[in-house]
Amino acid sequence: MLIKKISYSIILLLFAGLSLALSLVYWSRSVSYQDFLTYFSNNSQVIDLKGPANYLSISAVNDQLAAKVGSGYKPFEQNTRYDEQIAGIDFGQLNRSYTQISQSQALSRRAIMTRFDGQSIKLSYSLRPLSAELNDAETYKIIIGSALELEEIQLSENGKRVDFAVGPCTVIIEPEQQEVRFTVQKDIPRAVVVSTPWQGAASGSNTELDLIMTINCK
Amino acid sequence: MRLIINLISLIALAGGLLFQFLPASGTGLPAAVSYIYAGYLILVVLSLPSLMGKVLFRSGYFGVTPALLFLFYPLIYIVNWAISQFFNADYSQIARLTTIIITVYWHYLLLIATLVDKQFTAGYKAKFNTIKLLPLVLIPFAIYVLFIFMPLRQVDSVVALDYMQHKAVVNQMAVQENLCLQPVDCSNLFLQQGYTTFYHTIYAPILSSGGLKFEQVVYILDLIFPLLAAALLFKIALKFTRKTSWSLVASALGIVFFIGAAYTTQLFLPQTLAFFLYLHMISSNKLSGLKVILGSVLLILCHFIMGPFLAVQLVLFYLIKKYYQPGSLLATFSGAIVGIAGLIMAFVILINFSGFSIERNLQTAEVEALGTLTNLYYPDNISFYLMVIGFGWLILVPALVSALRQKQKPAELLWALLTIYVATLVFFLAPTYAAKFLIGFGFAASLVLVNYLSSLKLTPQLLTYIIAALLVSSSVFIAYANYKSYLSFYDQGNGRVNALVERDRELADFLSKAKGKTDLNCRIISDPYTQIVVASASSYQTAYAQYMPVELRQELFDLIQAPNEGKYRAVVGYKTDKYTPAESNCLLYSYRLTGTTKDNEFWLGSVYNLNLNPGETSKVSQQDPIVRFMRARGHGLLFADENYILFSATTTL
């Protein structure tokens, strides 16, 4: 009986200790070393963790779709009141990154962050017209923002993959439907315009365009 | 004991009254005095119903009766409003006088309580004397303050726009001729009808002190509110652990968990007030059918979504308490009930993983109105859910299993299990703002954990305390990280983490004193963040403040970029189904407008996007095109500094 109690105690102690250890790891990832020092020096200032102003801003011309990826906090860039539900996902090695996606209006366009592994992040978008009346091409603008220099844009048309580099990152956009066409709007620097003809949309609003965007950083 | 309490009470009353009569600024007193007074006033307002319950109704300090007595505040509002209308008196002066009366009344009730309450006299030596035990709650509170609040919160920081939004309602309640029973009755800052002004009638006396600044009150409110919640949780835990030490552990765990969107006790909002009142009801010793019905109505009045959600759980708690006994029908079939509940849970989680949610599939109209989906989806919802209590799951899982296998389950433990179950189920069913429904999760988890640890008779007992201490420490680290993540949304980019920007202060002060003193009789139109600053600082109406329609944002931005008559008329005459232009509009040119560039024009894109601080270098200039244009139109400058230029509505041309 005593042995049972002791072994039970040890197991629980290990569990509680593990809980504390893992919490410490989690906590240390959320705060910098400077924060750590600040934390124990009774300085009530929250350190501004703003790193290099690297972020990628993706938004749609029709104000429907927006996403931002980057390092450094960018408060209030998106949903102010409910951001905590959709933000705070690490961006690989830039683990102070701020990542969030503003969901689309009217459920017509969804932006879902699927997964990132190490240095890459993959965003999937499903876009479909708001209503059956919208037969005309809708235009989406992907803005590469802030301090990142857009070094190169390679474009292809008719549903083929688009690769381009942004600072240390390679951005790949893969359309999953053949109707998609990519064009460049040259008078807007650092912007790619994705033009979608929405073929067949008149028969219903369910035609979806799936875009998968992958960002790989060196 | 009684003498000491009443002496302290008398000194506090004298100090409190002195502070009330001091002018709003230039008191010359050290800042610490303001904070002490703020804490005192908040305690008075939030504990007055407890004292009323004890003295007037012979109830406990916690329970359904004190919760119902919070209706005292809406009653006061209605009486004050009637007086102001009938005698044509200044409502704000009446409200301030009411705060003084409330303070005096609180001390009077405390005096009576010390005379009539047995806990102050004969019962003082009893083991579970609430009065004797309550000061112990300062221990979990100290953990929260030392490890979460102080390192994370900057002094005088306001970390929820909601505080400003609700203050705007309080401001409007003071000036409107109509009785404001719902925020939408007197303010255009609310997209949906989410609650009555019950919350605002409690928030108003807290804000109505003469000598305190808004940010001081809110900062201290975020400190005191968890303390009161800790006391409630302590009492609930005490009912079944019967041990002070374990109840303190439950209390500490309960208040440190930070759940984004739910903000269980960290912020004082309508939903958290509903939960606070609900805890009052759960802690009740004498729950009756009538009390449950009245309590449910109160919860619904407090919050139209969280209220019914909590009311259902209250009813279930009542039924459990009444009908669940060993050998009862409910107990006999408990195994089957748990099995079915488990299957339902598994089904809900699986359909969630496959893409189903109430929000996506059944609430398209709501989503359309909000302009955004509000929930996380698989797999991010899993990580969010798990990180609510973090690695405490390592103990919670065996604790849950143990609780389910426990033969004699106290009603409070069953309540905790039910809360965890319902919160999880709703979170994965995912109606809009599903994370809000996790509001009781941390509290319930803390009770289950403590039930488990306290039931173990390990060798030696000290070991269990060590395990509990490790658990509390790990929770502190997780809560710290979660709270910090939330705070990033109020990071101004200059080291300040605050919804209030220092640069706005001068304008806010000007507008708070401007009503009725100048020719500024108009609705103020500016960028959405500036508008919420205006609405919270004054009683001026705005163009939906932070929820300014997207189209109007763009119209305004276009006007600032290249002003002309057509664009100006488009802004002041902007109209939607909901939005009717005012007869008189004052344009407020802000540093946020001039600081908007291609890199930060995000606030134009969605109704939820706001620009807190575009950078220190952005300034307005009297040479800017919009100023020249407005001057040419004959608009005078009512206020001008390097951050803002406010134009008069009327032209002199």
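The values are calculated or read from the model by the stated rules, or taken from the named source; none is laboratory data. Quick caveat: nothing in here was measured; it's all calculated off a predicted structure. Here the Cβ is made from the backbone with ideal geometry for all residues, glycine too, and neighbour counts use every protein chain on show. What goes into the accessible areas is simple: the full protein's heavy atoms, side chains included, and nothing from ligands, DNA or RNA. Shrake-Rupley method; radii C 1.70, N 1.55, O 1.52, S 1.80 Å.
For residue B:4 and residue B:322, the difference between the fully extended length at 0.36 nm per residue and the C-alpha to C-alpha distance is 110.4 nm. Residues B:100, B:293, B:42 ordered from highest to lowest accessible area at a 1.4 Å probe: B:293, B:100, B:42.
For the listed peptides B:585-594, B:223-232, B:248-257, a ranking on the average number of other beta carbons within 10 Å per residue, highest first, reads B:248-257, B:585-594, B:223-232. Using a 4.7 Å Cβ-Cβ cutoff, the cysteines of chain B lacking any partner cysteine are B:302. The modelled label-to-label distance between residue B:397 and residue B:354, using points 7 Å beyond Cα along the C-beta direction, is 2.5 nm.
Roughly speaking, what is the stretch gain from residue B:425 to residue B:239, that is 0.36 nm per residue apart minus the C-alpha to C-alpha distance, in nm to one decimal?
Length gained, residue B:425 through residue B:239: 64.3 nm.
Sites listed here are trypsin sites (Lys or Arg not before Pro) in region B:54-103 whose DSSP assignment is loop and whose Cβ has at most 14 other Cβ atoms within 10 Å: B:58.
With point charges of +1 on the Cβ of Lys and Arg and -1 on the Cβ of Asp and Glu, referenced to the Cα centre of chain B, which listed residue (B:261, B:454, B:97) lies farthest in the positive direction of the dipole? Toward the positive end, the furthest listed residue is B:454.
In this rough spin-label picture, where each label sits 7 Å from Cα along the Cβ direction, the residue B:506-residue B:469 distance is 5.4 nm.
Heavy-atom surface analysis with a 1.4 Å probe gives region B:484-575 a carbon and sulfur content of 49 percent of its accessible area.
Applying a DSSP loop filter and a limit of 10 other Cβ atoms within 10 Å to the chymotrypsin sites (Phe, Trp or Tyr not before Pro) in region B:624-653 leaves nothing. Only one residue of B:538, B:55, B:356 has its Cα farthest out toward the positive end of the dipole of chain B, where Lys and Arg carry +1 and Asp and Glu -1 on Cβ, and that residue is B:55. Mean projected area of the Cα convex hull of region B:288-366, taken over all directions, amounts to 7.1 nm².
Tell me the total accessible area that A and B bury against each other, 1.4 angstrom probe, in square angstrom rounded to 100.
On the way: alone 13090 and 27540 Å², together 34500 Å².
The A and B chains share an interface burying roughly 6100 Å².
Report the extension gain between residue B:576 and residue B:155 in nm, rounded to one decimal, defined as 0.36 nm multiplied by the number of residues separating them, less their alpha carbon distance. Using 0.36 nm per residue and subtracting the Cα-Cα distance, I get 147.5 nm. To the nearest ten degrees, helix B:528-537 and the longest principal axis of the Cα atoms of chain B are 70 degrees apart.
The residues of region B:518-591 expose, per residue, 34 Å² of accessible area to a 1.4 Å probe.
The calculated FRET efficiency for the pair residue B:57 and residue B:623, based on their C-beta separation and a Förster distance of 60 Å, comes to about 0.35.
Loop only by DSSP, 13 or fewer other Cβ within 10 Å of the Cβ. Give me the trypsin sites (Lys or Arg not before Pro) in region B:278-355 that pass, ordered by residue number.
On the way: sites: B:286, B:291, B:321, B:322; in loops: B:286.
When the trypsin sites (Lys or Arg not before Pro) of region B:278-355 are filtered for loop state and at most 13 Cβ neighbours within 10 Å, B:286 remain.
Given a cut-off of 21 Å, name the pairs among B:322/B:457; B:118/B:322; B:243/B:457 whose C-alpha atoms lie farther apart than that in the structure shown.
Values: B:322/B:457 30 Å; B:118/B:322 28 Å; B:243/B:457 14 Å.
Pairs exceeding the cut-off: B:322/B:457; B:118/B:322.
Site pair residue B:362 and residue B:286 shows an inter-label distance of 4.0 nm when each label is modelled 7 Å from Cα along Cα→Cβ. Rolling a 1.4 Å probe over the protein heavy atoms gives region B:282-432 an accessible area of 45 Å² per residue. Here residue B:104 and residue B:138 are evaluated by their C-beta separation; at R0 = 35 Å the FRET efficiency comes out at 0.85.
Our helix-only sum for chain B, with -39,500 (n - 2.57) per DSSP H run of n ≥ 4 divided by its residues, gives a mean residue ellipticity at 222 nm of -19000 deg cm²/dmol. Compared with the dominant Cα axis of chain B, that is its longest principal axis, helix B:72-86 is turned about 30°.
Nearest 5 is fine: what % of DSSP beta bridges in chain B come out antiparallel, could you say?
Numbers: 8 of 12 bridges.
Given both bridge residues lie in chain B, the antiparallel proportion sits at roughly 65 percent.
Take the Cβ atoms of residue B:408 and residue B:297, set R0 to 41 Å, and the FRET efficiency comes out at 0.80.
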